[in-house]
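As structure tokens, the structure follows; a few thoughts come after it.
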């Protein structure tokens, strides 16, 4: 499948510095920032700097350096926030993809949510 990246999406604009953000961490390949509408006491978005639409797009086409940097950045943020299961009650990560996944921004991103009980992710059908 050919992914079509919209370089006018809000995260592309954040990466270009056109829209401000509250940066949590920035590395060569990754930007993490506070969600402007937090759904939990800790709500951080982690995005690759490359033009990837979904998690599978990133997994299939990103370089090893981008993939390692992204996941190491994610891990260090969880440790820094003190939300890992060895030090707290844990966290949830969410990444939406496509219409059925209710993806609102066509740029791959993870939500890290922590700091309170988050309930069941999905209700049984």
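What FRET efficiency comes out for residue 123 versus residue 36 if R0 is 25 angstrom and r is the Cβ-Cβ distance? Round to the nearest 0.05. Working shown, then result.
Numbers: r = 27 Å, r/R0 = 1.09.
Efficiency computed from Cβ-Cβ geometry: 0.35.
Using Cα pairs closer than 8 Å and at least 6 residues apart in sequence, work out the relative contact order for region 78-125, in percent.
Working: 38 pairs, mean separation 16.0, N = 48.
In percent, rounded to a whole number, it is 33.
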Cβ-derived FRET efficiency at R0 22 Å, residue 80 paired with residue 13, nearest 0.05: 0.25
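Rounded to two decimals, what is Rg over Rh for the chain when you use alpha-carbon atoms and the Kirkwood radius? Write down the numbers at each step before the final one.
Numbers: Rg = 14.5 Å, Rh = 15.2 Å.
Result for the chain is an Rg/Rh of 0.96.
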Two-site label geometry, residue 28 and residue 3: point separation in nm, points 7 Å out along Cα→Cβ: 2.0
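Note the full-extension length gain between residue 68 and residue 88 as 0.36 nm times their separation in residues minus their Cα-Cα distance, in nm to one decimal. It would help to have the intermediate numbers written out before the result.
On the way: separation 20, 0.36 × 20 = 7.20 nm, distance 2.47 nm.
Stretched fully, the residue 68-residue 88 segment lengthens by 4.7 nm.
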Share of alpha-carbon pairs per 10 Å distance bin for region 1-74, given as whole %: 18, 50, 30, 2
Degrees separating the helix 64-81 axis from the principal Cα axis of the chain, which is the longest one: 30
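For region 59-102, build the convex hull from the C-alpha positions and give me its volume per residue in Å³. The partial results should precede the final answer.
Numbers: hull volume 4.1 nm³, N = 44.
Per-residue hull volume (Cα only) is 92 Å³.
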Mean residue ellipticity (222 nm) of the chain, computed from DSSP H runs ≥ 4 via -39,500 (n - 2.57), nearest 500: -7500 deg cm²/dmol
Relative contact order %, the chain, counting alpha carbon pairs below 8 Å whose residues are six or more apart: 29
Centre separation in Å (Cα based) which lies between region 1-69 and region 81-106: 13
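Every read-out reported here was derived from the displayed coordinates using simple, explicitly stated rules and does not represent laboratory data. Everything numeric here is computed off the predicted structure, so don't read it as measured data. Quick reminder, even Gly has a Cβ in these numbers, built from the backbone with ideal geometry, and neighbours come from all protein chains shown.
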